[in-house]
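Here the structure comes first, spelled out in structure tokens, and everything after it is commentary.
The values are calculated or read from the model by the stated rules, or taken from the named source; none is laboratory data. This is a predicted model, so every value here is computed, not measured. Glycine gets a Cβ as well: all are built from the backbone with ideal geometry, and neighbour counts include every protein chain shown. Only protein heavy atoms, including side chains, enter the accessible area calculation; ligands, DNA and RNA are left aside. Shrake-Rupley method; radii C 1.70, N 1.55, O 1.52, S 1.80 Å.
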Amino acid sequence: MTDDTLASRTEAVRDRYRSTLGAVPGGVQQRLRLAEEFGRLPTEEAIAALRHIVLTGNPLGARVQQLVHFGQLLALGREHPARIHAQGALHAGAGIADLIGVAETALITAGVPAYALGTEIIAEFLPPADDVGPGY
């Protein structure tokens, strides 16, 4: 395989993540680097193809799919991937209120730690608050 072909195929995998999440997560970048260096790109292509089929062919649609991923990852306590899918939900048209709704649902199904994680992640997407003084 030529370097140009390898680069083109790798970039096609990245494009699938960009279309779904709006960016290529760092973990995916690392996996692609290993795949390129050790001749394992077909594995990453297969993962990206499966994700594409499941996400784009799903009757829930991209926005709801990303919200579901966010909620499931909150319930599992998976901070980094939950953050990625919160961003993906916003990229797919969800709003902050949608993310809050998911965090509140996680409170019921997975408890206060899942809710706290969700609100921590959501707060990162808000503009900085004006300083309202101590205790507020």
| request: Return yes when T10 is farther than 30 Å from T119 by Cβ and either open to solvent by less than 50 Å² (accessible area, probe 1.4 Å) or touching a residue at least 40 places away in the same chain (Cβ under 8 Å) (or both) and no when it is not. | output: yes
| task | Could you give me the residue pairs with C-beta distances under 8 Å whose first residue belongs to the range 103-129 and is over 16 Å from G77 (Cβ atoms), whose second residue is assigned to a helix (DSSP H, G or I) and among the charged types (D, E, K, R) wherever it lies, and which are 6+ apart or on separate chains? | result | E124/R83
| said: Need pairs with beta-carbon distance below 6 Å; first residue more than 14 Å from Q66 (Cβ to Cβ) and within the range 13-25, second surrounded by 16 or more Cβ atoms within 10 Å (Cβ to Cβ) and aromatic (F, W, Y); sequence gap 6+ or separate chains. | reply: V24/Y17
| Would the range 66-86 turn up any residue that is among the polar types (S, T, N, Q), open to solvent by less than 60 Å² (accessible area, probe 1.4 Å) and in contact with a helix residue (DSSP H, G or I) (Cβ under 9 Å, 6 or more places away or on another chain)? | yes
| query | Mind checking which residues of the range 19-65 are surrounded by fewer than 13 Cβ atoms within 10 Å (Cβ to Cβ) and under 12 Å from the mean Cα position of the chain (by Cα)? | reply | G26, G27
| Of A103, A89, A129, A94, which residue is part of a loop (DSSP other than H, G, I, E, B) and either acidic (D, E) or touching a Phe, Trp or Tyr at 6+ places or on another chain (Cβ under 9 Å) (or both)? | A94
| query | Do the conditions hold for V68, that is, is it without any contact (Cβ under 8 Å) to a residue 40 or more places away in the chain, aliphatic (A, V, I, L, M), part of a helix (DSSP H, G or I) and out of contact with any Leu (no Cβ under 9 Å at 6 or more places or on another chain)? | reply | no
